[in-house]
Amino acid sequence: MPSVTATSRPVNEGWKFTHVGGGEVVKKDEWISVKKFPTTVHVELLEEKRIPDPFIGLNEWDVQWIGEAEWSFKTEFSVADEEASASNADLVFDGLDTFATVLLNGKEILQANNQFVAHRVPVKDTLKSGTNELVINFASAFRQGREIEKQHEKLHLWNGDSSRLHVRKAQYNYGWDWGPVLMTVGPWKPIYLETYNARISDIDIRIDIPGNLTAHVDVQFTLDPPTKAKASVTIKKPNGNVLIGGTNIPVTDSGVAKFKLSRGVYDAWYPVGYGGQPIHAVEIEIADEQQNVLDSKSQKIAFRRARVVQDELIDQEGRTFLFEINNVRIFCGGSNWIPADSFLTTMTPDRYRAWLRLLVNGNQNMIRVWGGGVYEADAFYDICDELGILVWQDFMFGCGQYPAYDSFLKSVEIEAEQNVKRLRHHPSVVILAGNNEDYQVAESYKLDLDYSDETSDFRKTNFPARHIYERLLPSVVEKFSNIHYHRSSPYSGFGKPTTDKTYGDLHQWNVWHGSQEPWHNWDILAGRFVSEFGMEGYPNIRTVDYWLGGNKEERYPQSRTMNNHNKADGFERRLELYLVENFKHSFEIESYVYYTQIMQAETLASAYRLWRRNWKGKGREYTAGALVWQINDCWPVTSWAIVDYFLRPKPAYFTIKRELKPFTVGMTRKEKKTFPDELSAAVFTIETVLEVWGTNSTLSEKQATLEVTSFDLHSDWTDTWTKNIVLAPNSSTELFKGDLPGQPKRTKLSEIPKTIIVSARLLDKSGKVLGRYSNWPEPFKYITFPDVKELGLKAQIGSNGESVQLSTAKPIKGIILDVEGEEDVVWGDQAIDLVPGDPQVITTVGLKGREVKVRFLGDGTA
């Protein structure tokens, strides 16, 4: 008698692959054993040492043939009599990359053409007891895409080959302005054999929590095939105890269980820093009339009320764009996420956890999954749930004028439905956005784009994908989830273009791209929610040396190899523009790495500092979020990432971390020029005005002491004053506006202002430093730094060999610590500003008492 209980087992053993037709690397009819399944071709050929590492030197260009070849994978798997005799048997393919034909025992059972879609294929009639052969033939996605493009049309885009717009494949595989051209191919997600008489085919758990925080839970589940059965549904607490449950629920094709939980009965899920992250489990068990268990499933959930609030503002035009969790309005300080590897099958839960732990340790609370990669692995979202990271999830469309012909729309609809269903139970996922920058592409190419048109079908316009973003996707999201849908990132709504700074979210690229504004203008470049902004910086010198592969002749900033490891258009001009405007710098590689890193650190910290100031309390949330482009890299490269491919944080990671602490202090200095005679330009006075503010992300007001100390870099003059202050909860508070101490009024432009450094600290009652920031005159290139011998800088190793105490007799800007050798150190802080009387202790992991190298502005290397 066959078992009635549904079973599932992976088909992951004995796989081999070949290059169809053969070539130099894989000979004709040569089948190579797969080392680890699931997999893709590059990964296996690298394991076999048959291709050079595309992450090193110019090797990327020596493996392009892989993406244009045809590949075949095959295995044999054994099926027991019991499995073969089950009422139903399915082969489940979680993901095939990308154009694949699947044969079971010589019979074609599937044609796949979308990397983001899973397939369940009934194989009861084709499966047999004993040995079965499974073959997957992969066509070249690149060549197929070019062929499809010929049948339809060539469309506009930024980044990559235009054929990508017709192919439902990770778009970054075609190359991006931070990533290589590496067209992956293969069975990139698991394959299972599932046998059953009846199975739970879908679980839809909707948790509706109104403003009074009473939770209404609807658990709906579907049986395949429809079967007369009874169900039990139980919601369990994080400790495994039963919170609430129901039994003997009658089921045929579907069942529903409804629960109501008053506020206080359940534990609510909060973003990191605002409360706990209790994860509950919904357990469903189905039994037939003889009480035989047919199937059981468990799904993790959490209780939280999530809203995107777009309210009118006090004192400013436009509306908020903010996230509110459990009635608490959250300032979202976070990062954009690109795929963390060019070869995604190498990503493990441990690697995801390391990345996301870095995010949380950096005081960030939101991550945006960008639309040119993939809908991430389940482990990614599970870890975000666990750590309290809010997820902004794009659909997988990026920087293009996508088509909307029937076959394309059908594929996209299946993709959207599957992924909304897969992600909807995660408390971390708080918004689904239709695409990345596609409306901006439409604006730049002057495509048909009447923002006041809310009724058209759009398929017959030259921006047909608007049908996807305004018709197809919102209907799928609404039908299958309770998640907020946003048409694009960026998207303003209210009839406004994407560049409008008073509505919706904004990609602020007028620093680096666009008008290439000074980073000091972030305050006037602010939007309601800045979901992209950035500045490039070199990675750790060890990462640079990795991609050089020992080629010392290429170890200079302008070398061919260095250029291949920076994919941004015009990066030489942009990097040098920002460097030359702000720093005296050297082209020696270690120095060039240092100066680009300090520039990136200063640029990004300034953005968070100025935009967090705009979070001024309810009705005045003028900027409600800042997501840096980007936290990570998919290979070793110079990019906008704040942590490099090898998980080595750049200095910018630490400056952002400081600006997102629960309590911070910020300052600006601005010159104010007044003319007593409005007819004269020759007579004037210049005063330097200092403004100081503090921020508090906690939900309680905070009493503290503001301590402001000013230093003259070229004398012993100092000035200190203190003030008892109260930081308002969950907002910024203005603390001081007045003359910059020690800076005389000037009446001539030939009068050189004094080099005054202002250090501000927030101290609690015990004297503990809650936040600190040093404001220096800019641009730094104008500063005449004291001789290094005059600084009195000390870097003392702690008694345990795993800390460094820094102290100085004169202010020092931009300290970066390092050690000799390939063995790096995990530093607790970097890009440190140091002033007399305020020593700082930097914790380390792996220092092991080694001597520390110290770099800083004015260290004599420029």
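The values are calculated or read from the model by the stated rules, or taken from the named source; none is laboratory data. In this text, all values refer to a predicted model and were calculated from it rather than measured experimentally. Cβ coordinates were reconstructed from backbone atoms using ideal geometry, including for glycine residues, and neighbour counts include every protein chain displayed.
Being outside any helix (DSSP H, G or I) and modelled with pLDDT of 95 or more is not true of Val360. Within segment 62-83, the set of residues being assigned to a helix (DSSP H, G or I), without any contact (Cβ under 8 Å) to a residue 60 or more places away in the chain and farther than 13 Å from Met183 by Cβ comprises Asp62, Asp81.
Here is a yes/no grid of residues against (1) part of a loop (DSSP other than H, G, I, E, B); (2) aliphatic (A, V, I, L, M); (3) crowded, with 17+ Cβ neighbours inside 10 Å:
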| residue | (1), (2), (3) |
| --- | --- |
| Phe408 | no, no, yes |
| Gln418 | no, no, yes |
| Lys421 | no, no, no |
| Val430 | no, yes, yes |
| Glu443 | no, no, no |
| Lys460 | yes, no, no |
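Criterion first (assigned to a loop (DSSP other than H, G, I, E, B), touching a helix residue (DSSP H, G or I) at 6+ places or on another chain (Cβ under 9 Å) and not assigned by TED's automatic domain parsing to the domain that holds Lys169) does Ser342 satisfy it? Taking the combined requirement at face value, the residue satisfies it. For Ser680, only one of the following conditions fails: (1) touching a residue at least 40 places away in the same chain (Cβ under 8 Å); (2) hydroxyl-bearing (Ser, Thr, Tyr); (3) surrounded by fewer than 20 Cβ atoms within 10 Å (Cβ to Cβ). What is its number? Ser680 satisfies all of (1) touching a residue at least 40 places away in the same chain (Cβ under 8 Å); (2) hydroxyl-bearing (Ser, Thr, Tyr); (3) surrounded by fewer than 20 Cβ atoms within 10 Å (Cβ to Cβ) except (1). Taken over segment 272-301, the criterion of being among the aliphatic types (A, V, I, L, M), farther than 16 Å from Gly246 by Cβ and part of a strand (DSSP E or B) is satisfied by Val293, Leu294. Just to be sure I understand, how many residues within segment 666-716 are of a type in the set (Ser, Thr, Tyr) and within 30 Å of Cys332 (Cβ to Cβ)? Within segment 666-716, residues that are of a type in the set (Ser, Thr, Tyr) and within 30 Å of Cys332 (Cβ to Cβ) number 6. Applying a threshold of 7 Å to beta carbon distances and a minimum spacing of six or more residues, or different chains, the list of pairs starting in segment 651-662 at a residue that is closer than 15 Å to Lys813 by Cα and ending at one that is among the acidic types (Asp, Glu) reads Phe654/Asp829.
Per-residue answers, yes or no, for (1) within 26 Å of Asp218 (Cα to Cα); (2) of a type in the set (Lys, Arg); (3) crowded, with 22+ Cβ neighbours inside 10 Å:
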residue	(1), (2), (3)
Ala302	yes, no, yes
Val309	yes, no, no
Asn336	no, no, yes
Arg353	no, yes, no
Leu359	no, no, yes
Gln364	no, no, yes
Trp392	yes, no, yes
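Residues in segment 462-491 that are within 27 Å of Thr222 (Cα to Cα), assigned to a helix (DSSP H, G or I) and among the β-branched types (Val, Ile, Thr): 2 in all. Taking the listed residues Glu536, Glu602, Glu576, Glu581, the one that is free of Cβ contacts under 8 Å to residues at least 24 places away in the same chain and at negative phi is Glu576, with no other qualifying. Which condition number in (1) small (Gly, Ala, Ser); (2) part of a helix (DSSP H, G or I); (3) at pLDDT below 95 is the one that Ser586 fails? Here Ser586 meets the rest and fails (2).
Would you confirm whether or not segment 190-199 contains a residue that is farther than 29 Å from Gly14 by Cβ, modelled with pLDDT under 95 and surrounded by 21 or more Cβ atoms within 10 Å (Cβ to Cβ)? Taking every residue of segment 190-199 in turn, at least one turns out to be farther than 29 Å from Gly14 by Cβ, modelled with pLDDT under 95 and surrounded by 21 or more Cβ atoms within 10 Å (Cβ to Cβ).
Scanning segment 642-686 for residues that are of a type in the set (D, E, K, R), more than 24 Å from the chain's Cα centre (by Cα) and under 26 Å from Lys616 (Cβ atoms) turns up Arg669, Lys670, Glu671, Lys672.
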